[in-house]
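Structure first, commentary second.
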Amino acid sequence: MPRDRAKSGVRIFSAGPSARKRIGMDRPGNESPPSAILADGFPARDRSEIARMYWGAFGAKLRIALSPPEKAIGLLTEALDPDFAIVARAADGHLLGVAGFKTPAGSFMAIGFGRLVRHFGVAGALWRGAMLSPLVRRPEAGTLLMDGIFVAERARGQGVGTLLLRAIKRKAETSGCSLVRLDVIDTNPRAQQLYEREGFRAVAVRDLGPLRHLFGFRRATTMIAGSGESI
């Protein structure tokens, strides 16, 4: 289990030997995982960087709906809600990764029609909103819905995603949610393997049909885990 030294709402984690073995970091040549300072939310100065990290992680499936990239990043920067995010930082303060979530009270990435209009105009907002609607997932009472998890390129493969995923489970548990739900696309098998190692199980598979040409993936698998499992 990760070590948790909580103080004033800031938690410092590092992956222990068992976690390192499960995620392959004990192999020769792999760097030791960094300690990560996990905290709820982020200051305004981090908005642009987090938006760019989000676009780097999910831009492939959003490129048609939200291009050009600079307009997309402007929209994402505005839409971020720090009240629905857990952030991992290195000891020097640099961002390592972010996990967003969604509940009936709100979501990490709050893209609404009004924001689409501000960035793309009414006509652009109409077709973009229609195109994005199949990706919208509704939260349910008692379930914390993942709203994106992504890691800075320089920190990938070091266990940061695992630490963030476990932090999301803790957030669900302390928020009174018994389940965590997420969707993973078929073009990201490594993410699905991580989720399975952390106790998530597939409960449904959705085929996009012709929409695969717009979003760049064929299927999305819905996975759930109990908020208290494997943490």
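The values are calculated or read from the model by the stated rules, or taken from the named source; none is laboratory data. Owing to the predicted nature of the structure, the values given are computational and were not obtained by experimental measurement. Neighbour counts are summed over all protein chains in view; Cβ atoms, including those assigned to glycine, are modelled from backbone coordinates with ideal geometry.
Data overview
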{"quantity": "Options Ala110, Ala123, Ala105, Ala141: the member that is under 22 Å from Phe215 (Cα atoms) and exposed (fewer than 14 other Cβ atoms within 10 Å of the Cβ)", "calculated": "Ala123"}
{"quantity": "Index of the failed condition, Leu116 passing every other in (1) within 19 Å of the chain's Cα centre (by Cα); (2) over 17 Å from Glu49 (Cα atoms); (3) not basic (Lys, Arg)", "calculated": "(1)"}
{"quantity": "Residue among Asp83, Asp147 that alone is surrounded by fewer than 16 Cβ atoms within 10 Å (Cβ to Cβ), within 15 Å of the chain's Cα centre (by Cα) and not aromatic (Phe, Trp, Tyr)", "calculated": "Asp83"}
{"quantity": "Near pairs, Cβ below 9 angstrom, 6+ apart or cross-chain, from segment 159-176 (assigned to a helix (DSSP H, G or I)) to any residue that is modelled with pLDDT under 95 and basic (Lys, Arg)", "calculated": "Thr162/Arg22; Thr162/Arg197; Ala167/Arg11; Arg170/Arg11"}
{"quantity": "Residues of segment 43-77 satisfying the condition of being within 23 Å of Ile185 (Cα to Cα) and hydroxyl-bearing (Ser, Thr, Tyr)", "calculated": "Tyr54, Ser67"}
{"quantity": "Of all residues making up segment 178-191, the number that are outside any helix (DSSP H, G or I), surrounded by fewer than 23 Cβ atoms within 10 Å (Cβ to Cβ) and of a type in the set (A, V, I, L, M, F, W, C)", "calculated": "2"}
{"quantity": "Residue selected from segment 64-100 under the condition in a helix (DSSP H, G or I) and touching a residue at least 60 places away in the same chain (Cβ under 8 Å), by the criterion farthest from Ile111 (Cα to Cα)", "calculated": "Ile64"}
{"quantity": "Filter result for the condition that a residue is at pLDDT 95 or above and under 18 Å from the mean Cα position of the chain (by Cα), over Ala202, Ala123", "calculated": "Ala202"}
{"quantity": "Matching entry among Leu165, Leu144 (being of a type outside the set (D, E, K, R) and touching a Cys at 6+ places or on another chain (Cβ under 6 Å))", "calculated": "Leu144"}
